[in-house]
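The values are calculated or read from the model by the stated rules, or taken from the named source; none is laboratory data. Computed from a prediction, not measured in an experiment: that's the story for all the values here. Using ideal geometry, Cβ is built from the backbone for each residue, glycine included, and neighbour counts are taken over all protein chains shown.
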Amino acid sequence: MTSPFTTRPLVTGYPSTMGDDVQLNTTTLILHAARTHPEREIVYRTPEGGWDRYTYAAAYERVIRGANALRALGVQPGDRVGVLDWNSRRHYELYWAIPGLAAVLVQLNLRLGPEDLSFVIDDSGTSVICIDETLLPVAEAVAHLLPGVRAWVVMTDKPLSQVETSLPNLHHYEDLVAAASPHLVWPEIDERSAYSACYTTGTTGRPKGVYYSHRAIYLHSYGIATNIGMVLDDCTMLITPMFHGQAWGLPQAATLMANKIVLPGRYMAEDTKPLTDAIIAEGVTVTNGAPAIFLPMLHYIESLDEKPDLSRLRMMSGATEPPLTMMRGFRDLTGAEIVHAYGATETTPLVTMNRYKPSVRERLSENELFELKRKQGLPVTGVDVRLIDGTGNDVAWDGVTQGEICMRGPWVTRTYHNMPEDDRAGRFHDGYWRSGDVGTIDADGYLKVTDRVKDVIKSGGEWISSIDMENLLLSHPAIAEAAVVGLAHPKWQERPFVLIVPKPGQEITLEQVRSHLSSAFAAWQLPDAIEIVAEIPRTSVGKFDKKQIRSAYAAAYEGEQADA
């Protein structure tokens, strides 16, 4: 199918009488929530691990004070202010205070190594950084490389005299907020101005900066709220890190709809009990995260004598394809729905969301509907999705023909920060951002990501999907996690290689793996080797680090005969 939007001429029609000069600003969202729903609660986790709460009205006063405090530090329109923090109430407040001044909130990924983190701070021109006290060692490791940072602001409940750090030009956030005025007339900001920035965490090259406009995130908020079906009595928990892709735009969408908000602070994937307990206790109905978080939550629920009723809960799941066993498990045990979603740093990130169209619900069986949920979903209104072949031509939407997924829309980037013009061709095509993902779109319009361009296993001139193989492996009762990569082979170019983390007390053999996969893969596609490991390497955002895996096991097939 050829996209009807590839070459759209800009035409000026008859003038409207609307307020088209009113700018779409993030400040509008928090101002409306605080003014119209001042009593609505925001629940947050304390540094000690307990829970506390305040209201939109109280949060908004702190937002104003925070903005005035930053102004007192010299923050001006266009300045870049970094935040290094967990999903905390202060982080939430800075989501509004910084862009409200027409400055740019730079999302600093606390999981980056010192080299990449210092590059992000330097490349963005960040001059002020707000940092949670627990992350001071992260900042101290790079501070000497960053002469452009003129102020460090520590965020803690302790007095400054009790904070031990080598950071220079140190300020205390709570002291600044307490001394600042609770009154502010917000500027109306050109909606095309950047409100925030996030840097990609790809496995090749330096991180690349994506700068989101006020207009983009404002419209994206409506897109999230509409497609997940948010209403005023929803309660939203932000599980996806707020330092990456603005927690998928969920903080803004939840504030747009004046939801009760739950901020889980610092948490560990190895212990999701506090998250799960809070979901049950606070009546959470919308949340977001990855299977790496949701699976342990399901296992914890399985251990409970009394299973909670979470029938209103919609769990937006991204990063990797959610296993069928996980989706069925949440549905059967609690009534919760896993909603597969898809996007990227470059797309704010919402591109598709998997909800059932009435036509497929009427036509498909329950098993077929669950298979459909494995797909990334339907493109959301406002984003145009194309599949192109190696020569840039559109491919058929038949659910079989694969192509690179390309996107264009009001919240999809058109370039990268400081990107040379000569480098654009490899990442953009005809005004569309090239995702690097390979996928299909079926006749019903559902997108299915089959692999990364760089992760497709090319064996004997044919393609093997590592994603499909991983997800089938996860349905084996003895396998907890599985990562599949293509490794060089002297005869077949590449062959599949599997890393497996068994479930506790379980064992798995190559023969069992091949037998399990044979239900969906031809004999020539089956892996010739596996490795049993305690854990699989991951990137800073929790995805399998396939570059590291390929490097570590590059010689696995070197001993094979070319004529084998």
| message | Any residue that is modelled with pLDDT of 95 or more, buried (at least 21 other Cβ atoms within 10 Å of the Cβ) and closer than 22 Å to LEU112 by Cβ - is there at least one of those in the range 217-229? | response | no
| request: Having 1 or more residues that are touching a Gly at 6+ places or on another chain (Cβ under 8 Å) and surrounded by fewer than 19 Cβ atoms within 10 Å (Cβ to Cβ) is the bar; report the strands (runs of 3 or more DSSP E) wholly within the range 477-534 that clear it. | output: 493-502
| message | Can you say whether THR325 is closer than 17 Å to ALA336 by Cα and part of a strand (DSSP E or B), as far as the supplied structure shows? | response | no
| query | Just checking, which of LEU31, LEU24 is in a loop (DSSP other than H, G, I, E, B), surrounded by 14 or more Cβ atoms within 10 Å (Cβ to Cβ) and at pLDDT 95 or above? | reply | LEU24
| note | Filtering the range 186-224 down to residues that are more than 15 Å from TYR416 (Cβ to Cβ), in a loop (DSSP other than H, G, I, E, B) and either within 19 Å of the chain's Cα centre (by Cα) or touching a residue at least 60 places away in the same chain (Cβ under 8 Å) (or both) yields TRP186, PRO187, GLU188, ILE189, ASP190, GLU191, SER193, THR203
| query | Considering VAL120, VAL83, which residue is assigned to a strand (DSSP E or B) and either touching a Leu at 6+ places or on another chain (Cβ under 8 Å) or surrounded by 23 or more Cβ atoms within 10 Å (Cβ to Cβ) (or both)? | reply | VAL83
| request: Can you work out which of the residues in the range 301-356 that are under 17 Å from GLY542 (Cα atoms) and of a type in the set (A, V, I, L, M) is surrounded by the fewest Cβ atoms within 10 Å (Cβ to Cβ)? | output: ALA319
| note | Of (1) surrounded by fewer than 19 Cβ atoms within 10 Å (Cβ to Cβ); (2) not in a helix (DSSP H, G or I), VAL128 satisfies every one except (1)
| said: Return the residues of the range 90-116 that are surrounded by 22 or more Cβ atoms within 10 Å (Cβ to Cβ) and assigned to a helix (DSSP H, G or I); say none if nothing qualifies. | reply: ARG90, HIS91, TYR92, GLU93, LEU94, TYR95, TRP96, ALA97, ILE98, PRO99, GLY100
| request: Give me a count of the residues in the range 159-185 that are crowded, with 18+ Cβ neighbours inside 10 Å, among the β-branched types (Val, Ile, Thr) and assigned to a loop (DSSP other than H, G, I, E, B). | output: 0
| task | Kindly check whether there is at least one residue in the range 198-207 that is in contact with a Phe, Trp or Tyr (Cβ under 9 Å, 6 or more places away or on another chain), aromatic (Phe, Trp, Tyr) and outside the structural domain of LYS543 (by TED's automatic domain parsing). | result | yes
| task | Hey, can you tell me all the residues within the range 304-344 that are modelled with pLDDT of 95 or more and among the β-branched types (Val, Ile, Thr)? | result | THR334, ILE338, VAL339
| query | Is it the case that the range 4-19 has a residue that's of a type outside the set (S, T, N, Q), in contact (Cβ under 8 Å) with a residue 24 or more places away in the chain and either touching a Phe, Trp or Tyr at 6+ places or on another chain (Cβ under 7 Å) or part of a loop (DSSP other than H, G, I, E, B) (or both)? | reply | yes
| The listed residue being touching a strand residue (DSSP E or B) at 6+ places or on another chain (Cβ under 7 Å) and not small (Gly, Ala, Ser), out of THR55, THR17, THR28 | THR55
| Taking only pairs six or more apart or across chains, which ones have beta-carbon atoms under 6 Å, a first residue in the range 58-74 that is among the basic types (Lys, Arg), and a second residue that is surrounded by fewer than 19 Cβ atoms within 10 Å (Cβ to Cβ)? | ARG65/PRO182
| query | In the range 372-475, which strands (runs of 3 or more DSSP E) lie fully inside it and hold 1 or more residues that are crowded, with 22+ Cβ neighbours inside 10 Å and either under 20 Å from the mean Cα position of the chain (by Cα) or of a type in the set (Ser, Thr, Tyr) (or both)? | reply | 384-388, 403-408, 432-441, 447-452
